Amino acid sequence: MVRSAPCGPLRGTSSFRKAQIATSWYTPFREGWVFASRLVGGVVQPFGPTPQFSPSSIVDREVARVPLEDRFRIGGVNSLRFYDENSIPPAGSGGLAMLQGNLELRIPTPLRLPFLGRIGIETYLDAGNVWARQGYILWRHLGSGTDESDPNLVRYVVGFGPRVDLPVGPLRLDVSWRVRPTPSHAKLQFAIGPSF
């Protein structure tokens with residue numbers, strides 16, 4: 001996606017390039033087991049003279065040059081479980097670089113609920129973060145550090161939960177724990193539909 005400097009009938013005010021790529025793999029095993037994985041990454045690059053869409057005292061100067069709805073945010077039942085929807089980075093300010101990975105093992109059971117469907121269990125590992133700028137992504141942020149307030153550390157979450165196959169998609173109850181930067185208590189989240 002590319003937005004350009006003010007021109008044309010709508011006279012846009014922001015100029016940036018945004019690239020995002022996502023890939024998912026589903027590997028079935030015998031007896032209905034499925035290993036699912038997903039990798040998502042993206043960058044936003046503002047260019048040209050653009051206004052500040054957020055006060056630069058609150059968010060990074062470069063981030064403020066991109067409209068809030070075009071910045072990256074993650075968190076929630078379909079991206080980084082345990083966290084609330086779009087809560088990374090904190091305060092909903094968004095960022096210009098994002099990486100996220102999900103690993104999930106879906107295990108069927110012989111149990112069925114009347115009028116609903118088959119019950120299964122899923123276990124998962126989610127990891128990801130949003131950075132203010134692409135240059136802030138460093139190898140050391142992937143595996144060390146325990147300061148939850150450090151916005152550059154990759155967040156890791158593990159969990160499991162039952163799922164019931166409904167006609168509209170699976171009904172899930174996810175029980176998640178934040179492993180890093182700091183371990184946490186369990187958190188419950190409900191969702192309808194596959195995580196990805």
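Table for the structure above
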quantity: Per residue convex hull volume, Cα atoms of the stretch 2-192, in Å³; calculated: 144
quantity: Choice from D126, D174, D84 showing the highest fluctuation, given a GNM over the chain with Cα pairs closer than 10 Å; calculated: D84
quantity: P(r) histogram, all alpha-carbon pairs of the stretch 78-191 included - 10 Å bins from 0, percent; calculated: 14, 40, 27, 14, 5, 0
quantity: Sequence-separation-based contact order of the chain, relative, with Cα cut under 8 Å and 6+ spacing, percent; calculated: 16
quantity: Alpha-carbon Rg/Rh ratio, for the stretch 34-77, with Rh computed the Kirkwood way; calculated: 1.15
quantity: For the stretch 99-160, the spread of Cα positions along each principal axis, largest first, Å; calculated: 52, 20, 18
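Every number here is computed from the coordinates shown, using simple stated rules; none is lab data. These numbers were taken from a predicted model, which means no experiment stands behind them.
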